[in-house]
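The structure under discussion appears below in the form of structure tokens.
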Amino acid sequence: MIVLKNVSYEWEDGQRVLNNINIEIKSGEFVLVSGRSGSGKSTIGRVINGLIPHYYQGRLRGSVYINGVATGDMQLHEIGRIVGTVFQDPRSQFFTTTTDEEIAFGLQTIVKDREEMVRRVDHIYRELDIEELKDTSVFELSSGQKQKIAIASICAMEPKVLVLDEPSANLDMKATDDLSRILQRLKEAGTTIVLIEHRLYYAAALFDRFILVSDGRIQRDCPRAELLKLDKAFFAEQGLRALELTDCRLLNDKVNGSWNERLIYGTGLSFYYRSCRREKKYILKALDFELNTGTAIGLIGLNGAGKTTFARLLSGIEQVQSGLIADTAHMVLNEKARLERSYFVFQDSDYQLFSESVLDEMMLGFSGDHRAAARALLKKMYLEKYADKHPFTLSRGEKQRLTIALGQMKRAKLFLYDEPTSGCDRDSMYAVSSLIKEQVADGVTALIISHDFEFLAATVSTIWFMKDGRIECSIAMNEVHRQFVMELMRGNAA
């Protein structure tokens, strides 16, 4: 089905990304591809789906075949009929304004009968259990909801090969479990699947074969049974995430600082927007909260629960529509005051990068005296070697770590993290965890929106569960609560 022979690839600037890759994937095989951030995993996916060499510039050596035909001899749309791709950023594959139109968009090239198209769209809504997203503006979707629609639009076309590049990055645990079930059905239907992922647990029972990529080379290519026999030391050495969530390292050291003073609180917060039908859609409903100095709180909840909107209000990006946010002296904080006190690490790092080099980015607003501190932070985040590179040449996970390092430079008292480990390998995840714990030890308050149980288990001592625009409960993250927290994140706990 898919053959890569002696494939090497380098960017226009001469930087080599792949080095002598040889892979043969059989029809119906489920291949799990992993490795550290920047190892070349996504580049292999782009070679398979034809974006290299048909879209990305650079030099490709070797041969690539799909169904026995060289991809260099095929048009990109011809490859697209065979190979469907789900990208990291769902916005990059959106072309319309509503969910129904988006799912039907690709179908228009292969299905001419309107009734068949409507049937397929309705079927994929049911298949993915996302019927609540029918006929919705894509601009009203959360990041996780956008990813669900992107997956639906590709699956509706029923490709023979499906390449997924970190599809779980923005999904909550319930949606990730749903994705696992969809992949199981696709596998049973004979679809060839290439899953490029850091988070391995949801595919642990599905993949037939594992490929480890390191520095642009295939370091290990083995069947599932062989990987399962390897000890935890191998996963740690290779920067791989856990295959089982029950293997996640739980936090043993004390995270919360010794201040125990209230930093900021809010009462009766509500927030809504107008739908395309001019109806009010409430995201937050009479929400109350209190954050203490020197604490690390994990904020969880299903996609669309209001987590990011809540963080945007705290940071001053959004205006309070009703209710209030105040400091420990009961002074009501307006948007400007909240902006000055906080730093928001966005889910999409591109919105926070402006300079010509990584080091220049770190130095924005600082004098040369801070250069050593900037380099030290880059080293902690495994980014020192990219100091002179343009930020947009970094991988998604690397850009995410860079924005976190930027926040460290600002020394705000309240840090708001929106999925800070999206696209992070094991080493990077623990580096982010360590930095947050260091912040908290220095008296910083961290509110962390995350669907990443592995990360939260190692980072926070308290979890806030958000549902229907309110904070439903606060629970401790410890051994006793492990299974309950996992079920809560999946939306299954009572």
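The values are calculated or read from the model by the stated rules, or taken from the named source; none is laboratory data. Predicted model only: the values in this text are computed from it and were never measured. With ideal geometry, Cβ positions are generated from the backbone for all residues, glycine too; neighbour counts draw on all protein chains shown. All accessible areas refer to the heavy atoms of the entire protein, side chains included, with ligands and DNA or RNA removed. Shrake-Rupley method; radii C 1.70, N 1.55, O 1.52, S 1.80 Å.
Restricted to the range 29-114, the set of helices (runs of 4 or more DSSP H) holding at least 2 residues that are of a type in the set (D, E), over 22 Å from the mean Cα position of the chain (by Cα) and at positive phi is empty. From the list D100, D113, the one residue that fits, being free of Cβ contacts under 8 Å to residues at least 12 places away in the same chain and open to solvent by 20 Å² or more (accessible area, probe 1.4 Å), is D113. Taken over the range 270-311, the residue count meeting the criterion of being more than 30 Å from K437 (Cα to Cα) and aromatic (F, W, Y) is 4. Of the numbered criteria (1) part of a helix (DSSP H, G or I); (2) at positive phi; (3) acidic (D, E), the one D178 fails is (2). If you check I182, I151 for being buried (at least 23 other Cβ atoms within 10 Å of the Cβ), modelled with pLDDT under 90 and β-branched (V, I, T), only one passes: I151. Annotation note: Cβ proximity below 8 Å between a residue of the range 335-360 that is touching a residue at least 40 places away in the same chain (Cβ under 8 Å) and closer than 29 Å to P90 by Cβ and a residue that is open to solvent by 20 Å² or more (accessible area, probe 1.4 Å) and among the hydrophobic types (A, V, I, L, M, F, W, C) (sequence gap 6+ or interchain) occurs for F344/I317; D350/F392; Q352/F346; L353/F392. Residues of the range 454-494 that are in contact with a Ser or Thr (Cβ under 9 Å, 6 or more places away or on another chain), farther than 25 Å from R426 by Cβ and open to solvent by less than 30 Å² (accessible area, probe 1.4 Å): W464, F465, G469, I475.
Looking at Q108, is it at pLDDT below 90 and under 23 Å from V138 (Cβ atoms)? So Q108 passes the test. Restricting attention to the range 436-445, does a residue exist that is of a type in the set (D, E, K, R), open to solvent by 40 Å² or more (accessible area, probe 1.4 Å), closer than 22 Å to T308 by Cα and within 22 Å of the chain's Cα centre (by Cα)? Taking every residue of the range 436-445 in turn, at least one turns out to be of a type in the set (D, E, K, R), open to solvent by 40 Å² or more (accessible area, probe 1.4 Å), closer than 22 Å to T308 by Cα and within 22 Å of the chain's Cα centre (by Cα). F210 satisfies every condition listed in (1) modelled with pLDDT of 85 or more; (2) out of contact with any Cys (no Cβ under 6 Å at 6 or more places or on another chain); (3) not polar (S, T, N, Q) except (2). When you check L195 against the structure, is it in contact with a strand residue (DSSP E or B) (Cβ under 6 Å, 6 or more places away or on another chain) and either in a helix (DSSP H, G or I) or under 22 Å from V47 (Cα atoms) (or both), yes or no? Criteria met by L195. Of note, S92 does not satisfy the criterion of being buried (at least 21 other Cβ atoms within 10 Å of the Cβ), small (G, A, S) and either in contact with a strand residue (DSSP E or B) (Cβ under 6 Å, 6 or more places away or on another chain) or closer than 27 Å to S142 by Cβ (or both).
Is it the case that the range 6-16 has a residue that's outside any loop (DSSP other than H, G, I, E, B), open to solvent by less than 30 Å² (accessible area, probe 1.4 Å) and within 30 Å of A189 (Cβ to Cβ)? Explain how you work it out, then say what you get.
Initially, the range 6-16 is screened for residues outside any loop (DSSP other than H, G, I, E, B), giving 6-10, 16.
Checking the rest, the ones that are also open to solvent by less than 30 Å² (accessible area, probe 1.4 Å) come to 7-9.
Next cut, within 30 Å of A189 (Cβ to Cβ) only: 7.
Checking the range 6-16: at least one residue is outside any loop (DSSP other than H, G, I, E, B), open to solvent by less than 30 Å² (accessible area, probe 1.4 Å) and within 30 Å of A189 (Cβ to Cβ).
If you take the residues of the range 377-408 that are outside any loop (DSSP other than H, G, I, E, B), more than 13 Å from F346 (Cα to Cα) and among the basic types (K, R), which of them is least open to solvent (accessible area, probe 1.4 Å)?
Here is the first cut: in the range 377-408, the ones outside any loop (DSSP other than H, G, I, E, B) are 377-380, 384-386, 391-393, 396-408.
From what is left, the residues that are more than 13 Å from F346 (Cα to Cα) are 377-380, 384-386, 391-393, 398, 408.
The next check asks that each one be among the basic types (K, R); those that pass are 379-380, 385.
On the way: K379: 135, K380: 99, K385: 154 Å².
By that ranking, first place goes to K380.
When L364, L302, L291 are screened for being under 30 Å from L171 (Cα atoms) and open to solvent by 20 Å² or more (accessible area, probe 1.4 Å), only L302 passes.
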